[in-house]
Structure formats: structure tokens, C-alpha cells
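Participant: This is the structure, below, for whatever I ask next.
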Amino acid sequence: MNKKGTIKKPKKRLKLRVNVLAKILLTLLLIASFSYYIFNLKIKNIVIKGTTNIKDVEIIETANIKDYPAIYRLNLSKIKKSINNLPLVDSVKIKRNIFGKLTIEIQEEKILFFYKYNNKYITNKGNSISDENKYYGYPTLINFTPDTVFENFVKGLNKIDYNIIKMISEIEYTPYKASDGTIVDNNLFTLTMNDTNTVYIDTVNIKNLNKYPTIFASSNMDAERGVLYLDTINDDRIYFKSYKTIKEEKEQQAKKEEEEKEKKQDEGE
């Protein structure tokens, strides 16, 4: 207290208020600067995950982000909807961060085979994708297959290891017919593998196809090529027969039939 009995507190309070106001203004300035930065931040990096058949450029063009626009001005719902309309897209997730990184994660439908009858690729969801000469390395179903059998075949392939499916080169629908032409079993298929082996399978026992690598490794299939019979529910009846053996058996059968024919001719004389 001075001689006049006054205290200099108002100046301290004023200084304190100025300091608080300055901090508030600085905070608001920082918030405004950060908001401006975020609002105008352009995409610096686009990361696309999960694609096998869909090209990155196709996704970028569909999402309309090839010019790297402001990342926080993007309408993510609209982009998701556009990407979901692309063939083979099952689901889409999109993330972005304050460093300008945009991550698009795609879940693709898997192509099971190319159906030559209608020139379309068939996916694990049973969807048909038009042949645009964009997809390679998948088996071809070469002939018409009745609808019910076709649907059961697609369902069955969904139970098969995808790596094994890609080991198939060609698929032919081959229903078993009696000598008079009557169909006895309409669920049979013949598979030609990339290694040139042949597999007989049906829609009922199609799970047996998962055993192919194991059977290949444990049998003589690596030394000789031939036919693997997987169209059975009994593992004891699953067996492999080489093309050489099949050829020899056919020759012996033909020889036997020729001998029987000659014998009948001799008896007739």
C-alpha cells in the first residue's frame, strides 16, 4: 500500500485478461489454420488393397479421384456406391487420414470359371460377368450344363480350395449314359488339369477335389499322367489309372472283341 492508501491490482488483472485473450486468439488462430489445412488438404497417396482382377486405374477413375482432389471434401458414401457397381466388387471400405492418405480396401468376388456357353465368367456368388477379355488363368466350362446341375456345381466349387480350382484347365459336363443313350447319372464332370491329368468328379462328391494335391503327392501321378476317379463317397474306391494303362486295357479289350468276332464267324461257317 502506498502513501495514498491505494493498491495496484487493476493493472495486474488487466494484464492477466490480456494474456488470457491472447491465448484464446492464438488457439482460435491455430484451430482456423488447422481447419483450413484439413479442408484444403489434397490426396497425397492412394492405397488400394484386396484387388486381383480389378485394376487400380479403374477404381481411381470410377471414384473420380485421378486429379487428387481435397481428401476431406470427398463424399465417401458416393464413392463407395460407385465402386460397388464395378463388376467383381463384393464390398468396399474407405479410410482417410490427416496426412493425405486415402485407403480403399476391396473385397472381390472370386472367378470360378469361364462358361463358354454364354461367354461369361462365373463367380463364387453365382454372378455372371461379361467376357471383356480382361481375366485370364481360369478354367473353362466348355459345354452347356442344365441349370440345376450348374447351380449345384457352383455351390460345390465354393467348398474347394481356390488354389486347386486354379489348377483346372478345362471342365466338361459329361453325364453318364447307358448303352441306349439314357442318362443314368446327370451330375458328372470331367476336369482336365493344368498338369494334363484328368479328374472324374460329380456334384455330390465334389469335396473330394480338395484331396487332389495329397493324392498327387502320394501316388505315381508325378511320374505318369492319367485319370483320377473322385466320383465316389468311398475313399477305398478313389484310385488313379495312368493313360498308359488305360490305353493298354482298351487295346486288350479291342483284341478280345476281335477274337470273339472271328470265332463267331468261324462257327457260322
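The values are calculated or read from the model by the stated rules, or taken from the named source; none is laboratory data. Owing to the predicted nature of the structure, the values given are computational and were not obtained by experimental measurement. So basically every Cβ, Gly included, is an ideal-geometry build from the backbone, and we count neighbours across all protein chains shown.
Participant: Looking only at segment 201-225, how many residues end up being of a type in the set (Val, Ile, Thr) and either over 23 Å from the mean Cα position of the chain (by Cα) or at pLDDT below 90 (or both)?
Facilitator: The total comes to 3.
Participant: Go through segment 226-254 and report how many residues are modelled with pLDDT under 90 and among the charged types (D, E, K, R).
Facilitator: Total satisfying the criteria: 5.
Participant: Now, a different point. Pairs needed: first member in segment 219-239, surrounded by 12 or more Cβ atoms within 10 Å (Cβ to Cβ); second member anywhere, at pLDDT 70 or above and basic (Lys, Arg); C-beta distance under 6 Å; at least 6 residues apart or different chains.
Facilitator: Here the result reads 226/241; 227/241, each pair linking segment 219-239 to a residue that is at pLDDT 70 or above and basic (Lys, Arg).
Participant: If you don't mind, another one. Out of (1) in a helix (DSSP H, G or I); (2) at pLDDT below 95; (3) closer than 19 Å to residue 105 by Cβ, what's the single condition that is false for residue 34?
Facilitator: Only one criterion is unmet by residue 34, namely (3).
Participant: Could I ask something else about it? Given 172, 105, 109, 151, which one is on the phi < 0 side of the Ramachandran plot, buried (at least 17 other Cβ atoms within 10 Å of the Cβ) and either touching a Lys or Arg at 6+ places or on another chain (Cβ under 6 Å) or not hydrophobic (A, V, I, L, M, F, W, C) (or both)?
Facilitator: None of the others qualify; the one that does is 109.
Participant: What residue, of 68, 72, 121, is in the same structural domain as residue 143 (by TED's automatic domain parsing) and of a type outside the set (Asp, Glu)?
Facilitator: So the residue among 68, 72, 121 that is in the same structural domain as residue 143 (by TED's automatic domain parsing) and of a type outside the set (Asp, Glu) is 121.
Participant: Now, a different point. Quickly run through segment 183-223 and pick out the residues that are over 14 Å from residue 161 (Cβ atoms) and in a helix (DSSP H, G or I).
Facilitator: Correct list: 217, 218, 220, 221, 222.
Participant: Name the residues in segment 158-182 that are closer than 12 Å to residue 139 by Cβ and assigned to a loop (DSSP other than H, G, I, E, B), would you?
Facilitator: 160, 166, 167
Participant: Which ranges mark the strands (runs of 3 or more DSSP E) fully within segment 49-120 that have 1 or more residues being of a type in the set (Gly, Ala, Ser)?
Facilitator: Result: 89-96.
Participant: Condition test on residue 197, is it touching a Pro at 6+ places or on another chain (Cβ under 8 Å), farther than 25 Å from residue 54 by Cβ and buried (at least 18 other Cβ atoms within 10 Å of the Cβ)?
Facilitator: No; evaluated as a whole, the condition is false for this residue.
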